[in-house]
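For reference, the structure discussed in these notes is given below.
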Amino acid sequence: MSVKMSTSSPEAVKKLLENMQADLRSLSMECKKKFPPVKEWLVEMMLLTTNTIVHDEVLSKAIVLCFRLHFTKDNITNNTAAATVRQVVTVVFERMVAEDEKFKGLTEEPPAVQGNSNRRSVSTLRPSAKDAYMLFQDLCQLVNADAPYWLVGMTEMTRTFGLELLESVLNDFPEVFLQHQEFSFLLKERVCPLVIKLFSPNIKFRQGCGSSASSPAPVEKPYFPICMRLLRVVSVLIKHFYSLLVTECEIFLSLLVKFLDGEKPQWLRAVAVESVHRLCVQPHLLRSFCQSYDMKQHSTKVFRDIVNALGSFIQSLFILPSAGNTSSTSTPAGGSVSASQGSAQGGPGAAGAGGGLITQAAFEYRGTWIPLMNVSVQGSAKATYLEMLDKVEPPSIPEGYAMSVAFSALLDLVRGITSLIERELSKQEQEAAMREEAEPVSPPQRCFAVAHEVWEEMVNACWCGLLAALSLLLDASTDEAATENILKAELSMASLCGRLGLVTPRDAFITAICKASLPPHYALTILSSNTANLSNKAKNIQCMRTLLNLAHCHGGYLGTSWQLVLATLQHLVWILGLKPSVGGVLKPGRAVEGPSTVLTTAVMTDLPVISNILSRLFESSQYLDDVSLHHLINALCSLSMEAMEMAYGNNKEPSLFAVAKLLETGLVNMDRIEILWRPLTAHLLEVCQHPNARMREWGAEAITSLIKAGLSFKHDPPLSQNQRLQLLLLNPLKELSNVLHADIRQKQLECVLQILQNQGDTLGPGWPLVLGVIGAIRNDQGESLIRTAFQCLQLVVTDFLPTMPCMCLQIVVDVAGSFGLQNQELNISLTSIGLLWNISDYFFQRGEAITEELEREEAVLLRQAQDKGEPLHRPFHPAPPFDCLWLCLYAKLGELCVDPRPAVRKSAGQTMFSTIAAHGTLLQPPTWNIVVWKVLFHLLDCVRKSSTTADKEKIESGGGNILIHHSRDTAEKQWAETWVLTLAGVARIFNTRRYLLQQLGDFFKAWEVLLDHIQSAALSKNNEVSLAALKSFQEILQLVTPIKDTDKLDALAMDVPPVLMESLQVSGPGRPLVRSDSLAERLAQRYGAQPSLPPPGEELDDSALWWSAWNTWYRIGTECTRPPSGGTDKLVFVPSQPFLTALIQIFPALYQHIAGGFSMEDLKKLGVILHGAVSVPISSDSSPFILPSYTEAVLTSLQEAVLTALDVLQKAICVGSENLQVMYPAIFEQLLLFVEFSCKPPQYGKMETKHVANAKYNQAEWVALNYVPFAEQSLEVVVDLYHKTACHKAVINEKVLQNIIKTLRIPLGLKYACPAESTWKLAVSSLLKVLSIGLPVARQQASSGKFDTMWPELANAFEDFLFTKSTPPDNLSIQEFQRNEAVDVQVVQLISTEILPFANFIPKEFVGRIMSMLNKGSIHSQSSSFTEAEMDIRMREEFSKVCFETLLQFSFSNKVSTPQEGYISRMALSVLLQRAQDVLRRYVEDQRLSGRCPLPRQQVTEIIFVLKAISTLMDSLKKTQPENVDGNVWVQVIALYPTLVECITCSSPEVSSALKDALGPFKDFMQPPVSKVQNGES
């Protein structure tokens, strides 16, 4: 029946209604007859649903009608009516909503009615609203069992139905209650008290207190249908009207929480938990609870209580077995929804609790096993028992249902809260970012702070309960999906707390995950391998993945919790046996032995995945912000500290996790390495010092990898422009040098090598650091380290010198020097000296560039120093910087020159002097001052000191199998070599750089110091040193005085003669033309040091230098030739021959320079030294090398040198001035001393020397030299010199001739007794030569009396020689004897030619002695030693004859010009005749006595000689003028005649023959004389 309204006028409507009512009544009557209840209901439905006209009483009657139909006995009517009632109630409210819509915005809402007492008429409401109000008010009344106001005629009503209607209205039309105050009022005043009142039985009830379940006593005992509906109403109230009913909701929620108590019936707890679940899926609601209750001061903490109650509920399920619900474990609840759901999951109904097969999702905790059901889809609370509106009896709850709902509630709660807060947080962050863009400096919004407070309160309120519940569930979970959900919840809570900065809850959640990640009892390492444990393993892995996920995705919020996370990961790594590999990545290594690693295959397959995630985790650290990154680093550091603590004192494998991960984190954050570099490396440096080798090794690996990566990373700006960063990166490398462990230093140096190879060209300001590392070597570090470091240095020197700042060159020199000084590896020391040479070469080649750069640097440093008001600290400061570089090099080489190892010293010395020689010209003149004093002399001092204190112990071998030569087998001898090298080097520099050095102010002082060094070396007791010292002495003396000519200057000068220099001026003012653009010259110009030329005509005066040298020479000579004062001690030091030779050889060179001032005094000094030098003996073991064999007449080189020295002198005197000539006698004196050596070898102190022929070479004896050749040579020199100088005044005055004769008298007198036969022969010939020159001079000077003393000396000499006391040796041959006699004859001939003819100029005594000598010679005495055969020869007949003839010659000389001469003749003649008379008489007598026997041979010879002499005399008398013959002579001659006649009886034919010759001449005297002399007249 469809009624269509065609008009809208009120009249029409009224009319229509009246018609309709009439129709309905008639219809109703019909219906009552046929289908009484149904028809009415239908009609009523039609009326109410199709028009809005039915109001007030009409409406209320219609509704009452429906209610009454509902409570009929007929089931169908009943149900239909119930539906109709619901429909009607809905329609009433729908009409009201439509009415509100219609009037929306047209009229102002009436003000709220105050004190609404008349509940029946609500005047302010519109018609439909009024109906709805009345209806709702009566429903409340009815449920409360009160009489209705509007629905008059209601007889009965059930509470369950009433509650359902109330619920549906509240649920479907919340806006009605929210928009109209009247309705709100109803809610507050009616609904809430009603609900609270109806709840009371549930509150008071405790399970087990009441009577049996069957007696329905709604007041005392909870009644399921009511209770369940009440909870539904409460849910709706809270959901929709929370804002109106804050206080009431607090009560409801508190009640709800109480219903979860363990003492309440199971069904009550189940519906309560479903209600709670409904709340949990509404996070906004939960937030409101938190704001309204938990954040108010004196309010109940409702939100916290809800969460805690849920937690307690879950715990209670594990603790209490399902009380009163045991049946449900074995039989499914028939037909119930829950059972079907349970079995769908394979629930307990199917499997049974004790089945032991863990196929179903379930929780198991301490023996309590609770299955898990799929109760609702995530995020929606689909209740089961709250929907059971048809049940009157409480249903049986299947096991696990409550747990499953609570579990879902928990998860939904977490999910809701976290997503809500995170959404709002993100939104806030975006807004903040946008605002910042708009206005960068704006205060943070107040609303944000409030929101934060709420969120924090929410988290603070719920985290404890959540954590407790989730941890328990996680522990109990046996299902992977459930575990995953729990972990997800914990993770999201941890992350949320992190974001909100709530440290304690964050740490708590993370700790829970961490604990779950490790096997139970992990710390005790007790693992039983039952099945439960294996599932645990899988669960641990699952937890671990969550943990990794947490760290990976939410690392930024972890902060200090990183510590927990990392500690856990470390344990995991330990359990899984992962080992660090390159770059800190962990790879599965060999499993560590021990119970903690019973790994299942399932886990093994996960290993690569986990290690991969681990790696990715640290890679993702690059996305963390700086603060989070610092947290991560700090956590790793403290973890590592713990690992270090653990690793002390035991040899177990340490945990390297933290170190490896520090490395990995550093590597992935290279772009912002600056912020984490210091903490990172500071810790790794500590690790490097750990006693555990493995730990250390990884510390070093990490730090070196980071440095290498840092240097090769492409930073922005690049390192070349960011010096600070570069130095920061390199600094830890330097710090590693302080670590004492060799393995660490090895790593460090390998790292340096790689850095050099890869980044060497770009190190720039990092060089000092790198060089410092290379140079930080110590002798206790072992060879391999030093070798590696040295490789680095070699690489630097060969490849990188040009690329480094010049300021670093000095460091390179120092480092190379330190390698030279290390004592572990000799070859490295030697090679490093080679490197220093290479470095010097580099300095030389790049001199100009280096100079410029150094000067720029110097200027900067000077400015800085001045700003600070400090002086510039730099070694050798005043010198220019380039010179300082050289000085550092020289100083370093100088240090090496006094190294304990001889090879190093030698190499360093050679290098140093070569370098100075090669590159010394580059130094500025003032710098030479430093070189001389600070480098060279300092070195000489050190070497001298070391040499003099060196050990004399013998060194057996040179290390290894090297044998040492005997000349180097003590430290002293090795130092001697160094001393030699050093002294020679310095001397050479003084020689070659003399011109340069002389321009320095203190050259003379330096010269003195050098001479002092030469002297101390020359007087050292080491032959090698002393000899070398003299060589150096010679070297510095061979210098010529620097020439004045400007065209021969040192290398620094210009090669242009002064004349040209004027004309060759270049365009620049006053710049002279330079020969070649050499570096030295350019440097000289730079420092304005054009070499100063000495002014013309001014000789550089250096006589002082030479006199200083002479004094040194004299001191050396005096010291070394002074004989030892002691006795014949074997240990006495005697200078060697080569040394003395060299010493004497120096004199000639030296004399050239001092000749001008050389005085007698000096000559005497010289003589002392020469004499001393020649007197020194040699040791028998070296004699074969020095001495000629005794028979050879060869001079030793020393003797030659001595003679040369004197020769130089005499030549100088010869050409010198008159006043020099006074030195001749002194030279003669010296030479004559040497001549005496032929017969009297000199004594050296009190030392006993053996004759060379008797010396045994293998004994330590001293051997006197063979002085004969030397003496003879000296004699020849004397003769030669005398030849030249006989007439010199000094020679005459100083009686040189007399001295010569006196000296010669010694060998002449000894004759055959001389050590060498040649000596006396030479002496005679020399005497003859000297006399031939000297006698004429003597005669000239006769009047002056200067030669008076010479004549007796000469007479003695003649006599000693001609009538020697020594006998000829027995083995003398006849020929020799004859030759010797010939010498005697020569002497007599000299007398006859040079002396006797000039008798009148000669003292009478001398002539007398000569005559007596001739007389003695002419009548020779017998010698008994001759054999008969030799008699003739040995009698020296020739000699006697010559003597006699000389006598006669002078007797009858017709040149008797003076009475003196005549007197000599007369005397000689009378002596002779007297002698003849004696001989003849003795012969006659002997003849008579002997009778027949022949006389001895010698007597016969004598008589024959006399007879011959008489015949000679007779011949002479015949030839002589008679007046020349003295009368006495005639008397004596005639007196002979009778004696001759007596001899005629002799028997000897020889005598007879001689007698005949003698008697023959007498015939000329037989006639009388021709004229008579009378009175002297003829």
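The values are calculated or read from the model by the stated rules, or taken from the named source; none is laboratory data. Not measured: the values here are computed from a predicted model. For neighbour counting, all protein chains shown are included, and Cβ atoms are generated from backbone atoms with ideal geometry for every residue, glycine included. The protein model used for the area step is the full one, side chains on, heavy atoms only, and it has no ligands, DNA or RNA in it. Shrake-Rupley method; radii C 1.70, N 1.55, O 1.52, S 1.80 Å.
Determine whether region 896-906 contains at least one residue that is in contact with a Lys or Arg (Cβ under 7 Å, 6 or more places away or on another chain), closer than 25 Å to VAL980 by Cβ and charged (D, E, K, R). Yes: one or more hits. Scanning region 855-873 turns up one or more residues that are in contact (Cβ under 8 Å) with a residue 24 or more places away in the chain and more than 21 Å from LEU727 (Cβ to Cβ). Considering region 1090-1137, the residues that are open to solvent by 30 Å² or more (accessible area, probe 1.4 Å) and closer than 11 Å to ALA1173 by Cα include one that is modelled with the lowest pLDDT, namely PRO1123.
Check region 365-372 and report whether any residue there is surrounded by fewer than 19 Cβ atoms within 10 Å (Cβ to Cβ), outside any loop (DSSP other than H, G, I, E, B), modelled with pLDDT of 50 or more and touching an Asp or Glu at 6+ places or on another chain (Cβ under 8 Å). Yes, that holds for at least one residue. The one condition from (1) over 60 Å from the mean Cα position of the chain (by Cα); (2) touching a residue at least 24 places away in the same chain (Cβ under 8 Å) that ASP390 does not meet is (2).
Does LEU1000 count as buried (at least 21 other Cβ atoms within 10 Å of the Cβ) and either hydrophobic (A, V, I, L, M, F, W, C) or assigned to a loop (DSSP other than H, G, I, E, B) (or both)? So LEU1000 does not fit the description; no. Inspect all residues belonging to region 1379-1391 and state whether any of them is modelled with pLDDT of 85 or more and outside any helix (DSSP H, G or I). Taking every residue of region 1379-1391 in turn, none turns out to be modelled with pLDDT of 85 or more and outside any helix (DSSP H, G or I). So, LEU1372, is that one among the aliphatic types (A, V, I, L, M), assigned to a loop (DSSP other than H, G, I, E, B) and within 24 Å of CYS1239 (Cα to Cα) or not? So LEU1372 passes the test. Taking each residue of region 195-208 that is open to solvent by less than 30 Å² (accessible area, probe 1.4 Å) and looking for partners that are modelled with pLDDT of 75 or more and of a type outside the set (A, V, I, L, M) with beta-carbon atoms closer than 6 Å, six or more apart or interchain, yields ASN202/CYS227.
A single member of ILE707, ILE610, ILE703 is open to solvent by less than 60 Å² (accessible area, probe 1.4 Å) and under 19 Å from LEU548 (Cα atoms), and it is ILE610.
If you filter region 212-229 down to residues that are hydrophobic (A, V, I, L, M, F, W, C) and at pLDDT 80 or above, you find that the one that is most open to solvent (accessible area, probe 1.4 Å) is ILE226. A Cβ distance below 6 Å, combined with a sequence gap of six or more or placement on separate chains, defines the contacts here; from region 798-817, residues that are open to solvent by less than 30 Å² (accessible area, probe 1.4 Å) reach residues that are among the acidic types (Asp, Glu) and assigned to a helix (DSSP H, G or I) in the pairs CYS806/GLU853. Taken over region 1328-1362, the residue count meeting the criterion of being surrounded by 14 or more Cβ atoms within 10 Å (Cβ to Cβ) and assigned to a loop (DSSP other than H, G, I, E, B) is 3. Yes or no: GLN1487 in a helix (DSSP H, G or I), of a type in the set (S, T, N, Q) and modelled with pLDDT of 80 or more? Spelling it out, GLN1487 is indeed in a helix (DSSP H, G or I), of a type in the set (S, T, N, Q) and modelled with pLDDT of 80 or more.
Within region 632-649, restricting attention to residues that are open to solvent by less than 60 Å² (accessible area, probe 1.4 Å) and more than 30 Å from the chain's Cα centre (by Cα), which residue is nearest to LEU576 (Cα to Cα)? Once the filter is applied, the top-ranked residue is LEU639. Against the numbered list (1) surrounded by fewer than 21 Cβ atoms within 10 Å (Cβ to Cβ); (2) at pLDDT 85 or above, CYS1214 comes up short only at (2).
Residue check, VAL1277 against (1) among the β-branched types (Val, Ile, Thr); (2) open to solvent by 20 Å² or more (accessible area, probe 1.4 Å); (3) modelled with pLDDT under 85, all met but one. Which one? Unmet for VAL1277, out of (1) among the β-branched types (Val, Ile, Thr); (2) open to solvent by 20 Å² or more (accessible area, probe 1.4 Å); (3) modelled with pLDDT under 85: (3).
Between LEU24, LEU59, LEU48, the distinction of being under 18 Å from PHE136 (Cβ atoms), at pLDDT below 65 and open to solvent by less than 60 Å² (accessible area, probe 1.4 Å) belongs to LEU48 only. Against the definition (crowded, with 16+ Cβ neighbours inside 10 Å and touching a Leu at 6+ places or on another chain (Cβ under 7 Å)), how does MET403 come out, yes or no? Criteria met by MET403. Number of residues in region 1491-1508 that are farther than 11 Å from LEU1555 by Cα and either not in a helix (DSSP H, G or I) or not hydroxyl-bearing (Ser, Thr, Tyr) (or both): the value is 11. The number of residues in region 458-499 being open to solvent by 50 Å² or more (accessible area, probe 1.4 Å) and in a helix (DSSP H, G or I) comes to 9. Inside region 1156-1167, residues that are surrounded by fewer than 16 Cβ atoms within 10 Å (Cβ to Cβ) and in contact with a helix residue (DSSP H, G or I) (Cβ under 8 Å, 6 or more places away or on another chain) make up a count of 4.
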